[in-house]
Ligand code: PMP
């Protein structure tokens with residue numbers, strides 16, 4: 001066997017699992033993060049993008065010269081644009097206009113045709129999800145990836161992320177916690193890990209404005225407000241989220257996201273995005289819930305460079321009244 005990967009697609013996954021030492025010592029647990037920003041397209045969504053394209057090819061839904069269409073907050077589009085290039089397809093992306101300019105510019109640079117849609121709720125026909133579906137209907141030889149309902153998304157995590165966590169910890173993992181966007185990661189990872197060990201504790205952490213915390217704790221998707229986080233938090237049940245096997249849910253605020261993102265950068269040298277920061281908040285909360293001596297795994301979904309003009313920009317944070325002030329972890333009650 002050689003150690004040479006087969007192009008872009010061959011380098012998706014197999015990310016390091018790293019300890020976040022200061023969070024471990026603050027909680028008495030071992031806090032581990034799956035370094036998903038080290039995927040070749042820079043996020044956890046490379047895994048889903050690859051599996052959705054391979055599944056479409058296998059099902060005869062995508063053939064040479066075809067077009068991959070998706071509605072995406074960014075990372076899935078970046079993964080799809082690269083997988084499409086590597087496998088000979090065009091890529092069309094519908095994306096809400098309120099996403100970070102870094103992600104929009106990157107998608108265009110990668111060769112995707114990006115259509116910005118108004119940032120309207122799912123019930124509005126101009127929501128990016130519906131725009132993508134219509135686009136795929138209109139274009140010849142087009143395949144709509146449909147990451148929310150396409151179960152190849154959660155399957156990518158059931159077949160790769162979950163097993164990697166199990167192997168990297170030698171099965172010594174007591175809890176996992178993460179946020180959900182489509183629910184693919186949490187669906188696949190929790191289903192796989194619970195099948196290995198039914199006693200392993202699985203939690204969702206939900207941002208402000210999402211309906212999933214209420215759904216898990218009360219059965220209702222009701223939600224109010226909004227969040228500065230990108231790519232996570234929804235107000236409907238998706239097929240991928242429905243695959244998740246969860247013991248409970250936690251919440252984290254925008255203030256905690258900002259403080260944690262800056263804490264991880266300055267204290268640990270980990271430059272990660274807002275969902276990864278929320279996940280780290282979730283890891284600390286779950287550690288406190290389970291008590292010392294446990295191993296908790298979370299997902300570090302993408303890198304901070306995708307949010308340089310927002311989460312890591314003084315002016316933007318000041319405008320939102322969210323300048324980080326914490327010296328340590330005192331922002332976590
Ligand atoms: N974090 C970021 C930055 C994302 O873009 C996404 C996907 N939208 C997620 C987390 C959530 O992943 P999933 O879709 O698997 O729930």
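The values are calculated or read from the model by the stated rules, or taken from the named source; none is laboratory data. Just so you know, these numbers come straight off a predicted model, no measurement behind them. A quick note on method: Cβ atoms are made from the backbone with ideal geometry, for glycine too, and the neighbour counts reach across all protein chains shown.
A few points about this structure:
Every residue, every condition in (1) within 16 Å of the ligand (Cβ to nearest atom); (2) out of contact with any strand residue (DSSP E or B) (no Cβ under 8 Å at 6 or more places or on another chain); (3) assigned to a helix (DSSP H, G or I); (4) assigned by TED's automatic domain parsing to the domain that holds residue 302, yes or no:
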residue	(1), (2), (3), (4)
181	yes, yes, no, yes
189	yes, no, yes, yes
194	no, no, yes, yes
198	no, yes, no, yes
204	yes, no, no, yes
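- Among the residues making up segment 303-321, those that are assigned to a loop (DSSP other than H, G, I, E, B), touching a residue at least 12 places away in the same chain (Cβ under 8 Å) and more than 16 Å from residue 255 (Cβ to Cβ) are 308, 309.
- Residues in segment 233-276 that are outside any helix (DSSP H, G or I) and within 17 Å of residue 102 (Cβ to Cβ) were compared, and the one that is farthest from the ligand (Cβ to nearest atom) is 271.
- Look at (1) within 11 Å of the ligand (Cβ to nearest atom); (2) buried (at least 24 other Cβ atoms within 10 Å of the Cβ) and you find that residue 73 fails only one, number (2).
- Qualifying residue in segment 83-98 (condition: in contact with a strand residue (DSSP E or B) (Cβ under 6 Å, 6 or more places away or on another chain), within 16 Å of the ligand (Cβ to nearest atom) and in a helix (DSSP H, G or I)): no
- Taken together, 250, 264 contain a single residue that is more than 16 Å from residue 181 (Cα to Cα) and more than 15 Å from the chain's Cα centre (by Cα), which is 264.
- Residue list for segment 50-78, restricted to those being part of a helix (DSSP H, G or I) and within 22 Å of residue 278 (Cβ to Cβ): 75, 76, 77, 78
- Considering residues of segment 213-232 that are surrounded by fewer than 18 Cβ atoms within 10 Å (Cβ to Cβ) and within 26 Å of residue 330 (Cβ to Cβ) only, the residue farthest from the ligand (Cβ to nearest atom): 225
- Among residues of segment 28-46 that are under 14 Å from residue 156 (Cα atoms), those with a beta-carbon under 6 Å from a residue that is more than 10 Å from the ligand (Cβ to nearest atom) and not in a loop (DSSP other than H, G, I, E, B) at least six positions away or on a different chain give the pairs 39/46.
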